[in-house]
Each structure stands twice: as structure tokens, then as C-alpha cells.
1. Is it the case that A:Ser108 is of a type in the set (S, T, N, Q), over 20 Å from A:Gly272 (Cα atoms), away from every other protein chain (no Cβ under 14 Å) and part of a helix (DSSP H, G or I)?
2. Given the criteria of a type outside the set (Asp, Glu) and in a helix (DSSP H, G or I), does A:Gly159 qualify?
3. List the pairs whose first member sits in segment B:120-139 and is closer than 20 Å to A:Lys275 by Cβ and within 13 Å of chain A (Cβ to nearest Cβ), whose second member is in a loop (DSSP other than H, G, I, E, B) and among the acidic types (Asp, Glu), and whose Cβ atoms are under 7 Å apart, counting only residues at least 6 apart or on separate chains?
4. Looking only at segment B:230-274, count how many residues are in a loop (DSSP other than H, G, I, E, B), more than 8 Å from every other protein chain (Cβ to nearest Cβ) and buried (at least 24 other Cβ atoms within 10 Å of the Cβ).
5. Answer with yes or no whether B:Ala164 is crowded, with 21+ Cβ neighbours inside 10 Å, more than 14 Å from every other protein chain (Cβ to nearest Cβ), in contact with a Lys or Arg (Cβ under 8 Å, 6 or more places away or on another chain) and not acidic (Asp, Glu).
6. Looking only at residues in segment A:138-148 that are facing another protein chain (nearest Cβ under 7 Å) and of a type outside the set (Gly, Ala, Ser), which one is farthest from B:Tyr257 (Cα to Cα)?
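The values are calculated or read from the model by the stated rules, or taken from the named source; none is laboratory data. The structure displayed is predicted, hence computed values, not measured ones. Don't worry about glycine lacking a Cβ; one is built from the backbone with ideal geometry, like all the others, and counts go over all protein chains shown.
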Amino acid sequence: MAGWLVRRLVQAGFVMLAMSAIVFVGLHAIGNPVDILISPDADQAERARAIAALGLDKPLWEQYFFFLRGAVQGDLGRSFVFNEPALKLILGRMPATLELAVTAVIMSVLVGLPLGLFAGLYPNSIAGRTVMAGSIMGFSLPGFWVGLMLIMVFAVTLGWLPSSGRGTTAELFGVQWSFLTRDGLRHLLMPALNLSLFNISLVLRLARAGVRETMPLDYIRFARAKGLSPRRVVFVHVLRNILIPVVTVVGLELGSTIAFSVVTESVFAWPGMGKLIIDSINVLDRPVIVAYLMIVVALFVTINLVVDLLYTVLDPRVRLGGRA
Amino acid sequence: MEQSPARRVLSDFAANKVALAALVVIAVIVLLALAASLIAPQNPYDLAQLDIMDGRLPPGSASADGLTFWLGTDDQGRDMLSGILYGLRISLAVGAGSAIVAGIIGTALGLSAAYAGGRIEAAIMRLVDLQLSFPAILVALMILAFLGKGVVNVMLALVIVEWASYARTARSAALSERAREYIEAAECLALPRWRVVFRHLLPNCLPPLIVIGTIQVARAIALEATLSFLGLGVPITEPSLGLLIANGYQYMLSGKYWISFYPGIALLVTIMAINLVGDQLRDVLNPRLQR
């Protein structure tokens, strides 16, 4: 286990290194990094000073070393627009994004799992078929357009829910959260639903397929033959076994959900890191772009690692190290 | 009666009426997109035909010169129906084009990996794993943040996002085919390597690749629309459906729904039809499900 973990950590480190190299090369591929990293408003003396400070007069490999050293020390440049360290700016927006993504993932399980169980237990009923047809919609609907339609219906026409922003927030652990206030929850509901739509379909289909696969197996027949109530068979014997793929996929999807929150945040003007990166790209606030990419890569490497770990904990058949 | 494989696939496919209808819908959409310049009531790029006074008219209103805007107009006084027909063209071209290029690159790499084995295989598959561990939207965002917007850049981003799924599918299909006798026979004939891979191995790996390819076209169209909506995709001079939807966003809050609504419906119908056809192809082409 320890050996596996070390190997996995080293691997993760290499991925980080490779991605940082790609981001670094990307920076150089699009033009002179002097124009990218130094504010266009800077005067000549300031430019010269910045070039020396950033080591841009050094050979390329040395520059990459500078860049890496900065990244390790948490220094990824200053935003031109906010005149704040890019890292601090992004980390400040992170709770909003995490709040949205986690709410969306929870919603997808709460909605998708029961629907999937139902569709799996009654595959030929009209309701079961309707649920499945709905899940195709969930996969095909472009998320941003659904967001617009939600705003159209619930904010503009019906006026039930607010169309943008986080609403009133309350502090917990020194961070502002929307889910702690009534107004914040009202603001959270629509973006979270929008973001979870794809995952609802995914969880639903997984659960349905799992139920259909599990129901004819011997141990389910045996559980029935023992005279267990159908309720107990479904919720203990079936559910526990379909939870493995569902948890894995939901865990993996947390990453994509954070990535896709870029879209939802733009639609609902939710002030998270996704909205920040789009705004930054539009005004060419490049230090923020670079910092965002590095942070997101780190986030993904971590998520992948945690999901691998969770998987082995949940499913004893997957024994670490692959002694197959 | 013994049927040829192609006929069997066709008749199996047609057994599902929904999938058949979806295929017809795709054909109609492609025709509409191709014939956009002939059938559209207006050329949305020709500024001389636009009248700013016609701006943001609701569906069904008529312009001063007698043209009826069945789906309303956008803020420039552009007929939405015409805009959608021209937009479909760009969405389909970008989606299908990038899926095909990605398919060629991914398949070639996947087949080479399976056939060559060893270090080459390990290197290619590592790259595939790495690529697939990052969500598509993020990779595309990363590329476009550096390259800037533009049709070619979007296609490039989509190709980079998509090749890995083809490579993985091609490799797994090729691995099971590689052990068969006909490959051994071809190798015994001392045929050149490329010939064994592309004339013998490839045709037998095609079915799963076709399924993946169909789904990838839908994904590419959706992703392009999303990127364009975010302002990172196609430029305003070549508006795809996603960009049309983005244009309507700001008028949404004042109840002018049609600028975003109708292009979205066109997008939804296109993506859904392709997904339905893909689903059915998967069932028909999967040998394990054959009776």
C-alpha cells in the first residue's frame, strides 16, 4: 500500500511537471513572454526591471526553472486587472466554485440514483421508459442553453428565483458560503441544477444498468428465496453493489463538474474561478490564466489520486499494486 | 436467407423506428445546411439586406419590404431563421471536420500502438490516459486561451480533445484482432507492415470506431457551441449556433427569448439525432448483442 502510494505520488508529480512544461511552452509559443507577463502599461524602466526580475533575459531552460521555482513558492505572477497576486485571486474564488460543484454532485446522486433504481426495476413500464428517454435529453442538451432557458422560465417569466450572483452569504471557517442563508440557497438552486443535469443522466444510467445486471444474479435470488422483503433486497443487496461504480464515477465527475462550472458560472454570473478565467481570457489577463491552469492541473491530479484510493477502499476486489 | 453484412446492419438499424427517424432528421439538417444560401430568406452576412429598424422583432413579424421573420430577428435586424441555417453550416463543418481529423489521427496511433507493442504502445497509451484524465472543456479552454479564437483554432482544440478516445478504441479493437489467423496469414505472406495494419487490421476494427465517431461528432458540435458561447470559439464574422445563442443572452432578461431559444432548439435536435443514431449503431454493430 505504502509503495503503491509513493509510486502514485511520484507519477502525479511527473504529470504536474509535464503540464507545467506545456503551459510554459504555450506561453512562449504565442509570442514574446515579455508582452504576456508584464503589464502593457509599464514604462521602459519598469519593463527592464521586470524582465530582469522574471529572468526573461536568461536562456529558456533557466527561465523554466524560474517559473517552476515561483510556482512552488506560490508566486504565479500578479493580475494586471486586479493588481493582486494571481494565486490569491483564484484561491479566493475557489470556495464559490467548490460550493456549486459539490451541490451539483449531491443533487445528481439524490435525483439520479432513485430514478435509475426505478428504471432498472421496471424497465418496460411507461414511467421507466420515460425516465430513460429523459436521460438521453440530459446527455444531449447543451448545458449553457439549458441554463438560459432556466433563467427564462424561473427568473424572467415566473420570477421565482434570482438569475445571477451568489446572494447573501454567511461566514464559516473564514470563508463566505451561500448555502448557509435562505437567499443564498435560492441563488444556488438554479446553477446547481443546471450543472448537475449531465451527471443526473449519468448516475441514472449507471444505476439502471447496475440494477439490471445485479437482479438476475444468484445472491439476489438467494436473498429472495430466504424470504427477505423486496425492499430489503433492493436497498441492501442491490444498492450496495451498484454503489461502487456510482461512487467512482461521481468522484471522477467531480473534476469535470468543476471544469464545466466555467459554463454555468458564466451563465448565472456566479463569482467563482470559472467566471474569473473567462473574464481573464477576454481581457488577456495572462498571469491569471497561467495561474488558473496550474491550479486546475494540481486539482485534477489530486482528484484522480483520491478517486483511485477510494476505489480500492470501496471495492476489496481491486487490490493495490495490481497482483493480477 | 443469407444476407450480406452490410444489408444485415441496414435492416437491423431500420428495425428501430426512432433511430431511423433520427437518421432522416440528420439528413434533412445536413441538406438544409448545405442549401442555406439557396433557401434562406436572407443572407445574414450581407449588411445591405439588414435593417437595424427590424431589430429584435418577435417571431412572425413582417419587415418593411414584406419579408416575414418566422423566428424573429436579432439585435442587428437579422432574420433568425436565416442565421440558424447559416449557423448550422458552421457548427456541422467544425463538428464533423474535427471529428474526422481526430478519428484519422487517433485511429492511426491506436492501431500502431496495438501492432507495435512495447515502448511505443506504452508511450502512446500513457499520453491517452493523461489526455483523458482532464475534462474536454478544460483542455479546449487551455488551448484556446493560448491560441485565441478562430475557426481553425477551435478545430485544432477539438482534434486535440478527441483523438484520445479514438486511439483507445482502436487499440482495444486491434488487440483482439491482432491474434487472429488472418493477420498471421498476412504476415506470412511477408506483406509490408503498413499493408497489414491498414488493409487487414483496420477494416476489422471499424465497427467500434464508427460508433465512437458518431458520438464524437455530437460531442464536438456541443463543445464548439459551448466554447463559442463563452466567447472563445468562432469569431463573430462566422457565427455558429453557439454564438447566436450567446448573442441572445443579454436580451433574455427583457423577455426576448427567441434570439437564444430557436438556435438552441436547432442545436438540441442536431445533437440528439446524432446521439440516437450512435446508440442504435452501437447495438447493431456490437457482435455480442447479435442473435
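1. Details: of a type in the set (S, T, N, Q): yes; over 20 Å from A:Gly272 (Cα atoms): yes; away from every other protein chain (no Cβ under 14 Å): yes; part of a helix (DSSP H, G or I): yes.
When the stated conditions are applied, A:Ser108 passes them.
2. no
3. none
4. Total meeting the criteria: 4.
5. No: the conditions fail for B:Ala164.
6. Among those residues, the one meeting the criterion is A:Phe139.
For (1) within 27 Å of B:Asp46 (Cβ to Cβ); (2) of a type in the set (Ser, Thr, Tyr); (3) touching a Ser or Thr at 6+ places or on another chain (Cβ under 8 Å), each residue gets a yes or a no:
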| site | (1), (2), (3) |
| --- | --- |
| B:Ala179 | no, no, no |
| B:Ala190 | no, no, no |
| B:Phe198 | no, no, no |
| B:Asn204 | no, no, no |
| B:Pro207 | no, no, no |
| B:Glu224 | yes, no, yes |
| B:Leu230 | no, no, yes |
| B:Thr237 | yes, yes, no |
| B:Gly248 | yes, no, yes |
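Conditions (1) more than 14 Å from chain B (Cβ to nearest Cβ); (2) in contact with a Ser or Thr (Cβ under 6 Å, 6 or more places away or on another chain); (3) modelled with pLDDT under 85; (4) more than 28 Å from A:Ala96 (Cβ to Cβ), marked per residue:
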position	(1), (2), (3), (4)
A:Leu217	yes, no, yes, yes
A:Phe235	yes, no, yes, yes
A:Val238	yes, yes, yes, yes
A:Ser256	no, no, yes, no
A:Glu265	no, no, no, no
A:Asp285	no, yes, yes, no
A:Leu310	yes, no, yes, no
A:Val313	yes, no, yes, yes
A:Pro316	yes, no, yes, yes
